[in-house]
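The values are calculated or read from the model by the stated rules, or taken from the named source; none is laboratory data. Remember, predicted model here, so these are calculated numbers, not experimental data. Cβ placement follows ideal geometry from the backbone for every residue including glycine, while neighbour counts extend to all protein chains displayed. With ligands, DNA and RNA removed, areas are computed over all heavy atoms of the protein, side chains included. Shrake-Rupley method; radii C 1.70, N 1.55, O 1.52, S 1.80 Å.
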Amino acid sequence: MAGTKGLSGLRQSGALRVLFPRDVPGRTLAVTLNTSGGVTGGDMFQIEAEAEQGAQLALTTQAAERIYRAQPGETGTVETRLHIGPGARLDWLPQETILFNGSCLRRRLSVDMARDATFLMVEPLVFGRRAMGETLTDISLADRVDIRRAGELIFADATRIAGNLAEQMQGHAIGAGATAMASLVFATPGAEACLERIRARLPETGGASLIRPDLIFVRLLAADGFDLRASLLPLLTDLYGGALPRTWML
């Protein structure tokens, strides 16, 4: 939990650790680290964090997360629950999740935010490492995001992929050959004022919509993880309101 004067509570166990870099003015920055090196079938990771009233908390990862081949019938699970108090801000900025062939992942992000809170989220996905010649011909991904403001469901997005993703992404109306994708949500009072600025920063393979008052949704496709990051960095820096955590610059 993050209060207005820093960390107010911490509990961690298993392979998931959290670090707190210094010299981050105006925010509490938490960097998660998976000491097992990745996620495979049968693994289960849970994260729960809260930005208390008036606090500013940023959560990111030490590096890209790797989702490795799973044994038949096994699924890796990642569940994250975030709470944002009145007048607080929480930035959920994990680096890329890289899917490997044969991977099986079920992931869910649930957010409860106060009416006047601010939430910035990005979830980048990379479908195999293009530079290594990797293609995903057999994967399973179930990914869901739910956001509630003052108890009301204001955003729900579910992605389900199974089988030969490389083949599916060739469709012009689906991916046109893209091997990387990112979803971004910016929920804050007056978010609509940022819409045209966001659109001006997007490549032709991205789009942004004001899907309801005070909530903007962005989806990006890219040829590979490098191009995806090149598009994300200026956009995230703008919405974050300053230099991104240093882990994003390594």
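The table below lists the values:
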quantity	calculated
Set Leu99, Leu90, Leu125, Leu105: member being farther than 22 Å from Thr247 by Cα, surrounded by 18 or more Cβ atoms within 10 Å (Cβ to Cβ) and either in contact with a helix residue (DSSP H, G or I) (Cβ under 6 Å, 6 or more places away or on another chain) or touching a residue at least 40 places away in the same chain (Cβ under 8 Å) (or both)	Leu105
Output for the stretch 208-226, where each listed residue is surrounded by fewer than 19 Cβ atoms within 10 Å (Cβ to Cβ) and either assigned to a helix (DSSP H, G or I) or not hydrophobic (A, V, I, L, M, F, W, C) (or both)	Ser209, Arg212, Pro213, Asp214, Arg219, Asp224, Phe226
Residue within the stretch 172-191 that is in a helix (DSSP H, G or I), at pLDDT 95 or above and either of a type in the set (D, E, K, R) or surrounded by fewer than 13 Cβ atoms within 10 Å (Cβ to Cβ) (or both) present	no
Pairs, first surrounded by 12 or more Cβ atoms within 10 Å (Cβ to Cβ) in the stretch 6-21, second modelled with pLDDT under 85 and not charged (D, E, K, R), C-beta under 8 Å, six or more apart	Leu7/Met1; Ser8/Met1; Ser8/Ala2; Val18/Leu10; Phe20/Leu7
Number of the condition not met by Gly41 [criteria: (1) buried (at least 19 other Cβ atoms within 10 Å of the Cβ); (2) closer than 22 Å to Ser110 by Cβ]	(2)
The stretch 227-245, residues that are in contact with a strand residue (DSSP E or B) (Cβ under 9 Å, 6 or more places away or on another chain), surrounded by 13 or more Cβ atoms within 10 Å (Cβ to Cβ) and in a helix (DSSP H, G or I)	Asp227, Leu228, Arg229, Ser231, Leu232, Leu235, Leu236, Leu239, Tyr240
Selection within the stretch 143-168 - of a type in the set (A, V, I, L, M) and open to solvent by less than 20 Å² (accessible area, probe 1.4 Å)	Val145, Ile147, Ile154, Leu165
Criterion violated by Thr205 - all others in (1) open to solvent by 20 Å² or more (accessible area, probe 1.4 Å); (2) hydroxyl-bearing (Ser, Thr, Tyr); (3) under 18 Å from the mean Cα position of the chain (by Cα) satisfied	(3)
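To keep it simple, each residue is scored yes or no on (1) farther than 24 Å from Thr61 by Cα; (2) in contact with a strand residue (DSSP E or B) (Cβ under 9 Å, 6 or more places away or on another chain).
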| residue | (1), (2) |
| --- | --- |
| Arg144 | no, yes |
| Val185 | no, yes |
| Gly190 | yes, no |
| Leu195 | yes, yes |
| Leu215 | yes, yes |
| Leu221 | no, yes |
| Gly225 | no, yes |
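For (1) at positive phi; (2) modelled with pLDDT of 95 or more; (3) touching a helix residue (DSSP H, G or I) at 6+ places or on another chain (Cβ under 7 Å); (4) surrounded by 20 or more Cβ atoms within 10 Å (Cβ to Cβ), each residue gets a yes or a no:
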{"site": "Ser36", "(1), (2), (3), (4)": "no, no, no, no"}
{"site": "Glu48", "(1), (2), (3), (4)": "no, yes, no, no"}
{"site": "Leu59", "(1), (2), (3), (4)": "no, yes, no, yes"}
{"site": "Arg66", "(1), (2), (3), (4)": "no, yes, no, no"}
{"site": "Gln71", "(1), (2), (3), (4)": "no, no, no, no"}
{"site": "Thr75", "(1), (2), (3), (4)": "no, yes, no, no"}
{"site": "Val78", "(1), (2), (3), (4)": "no, yes, no, yes"}
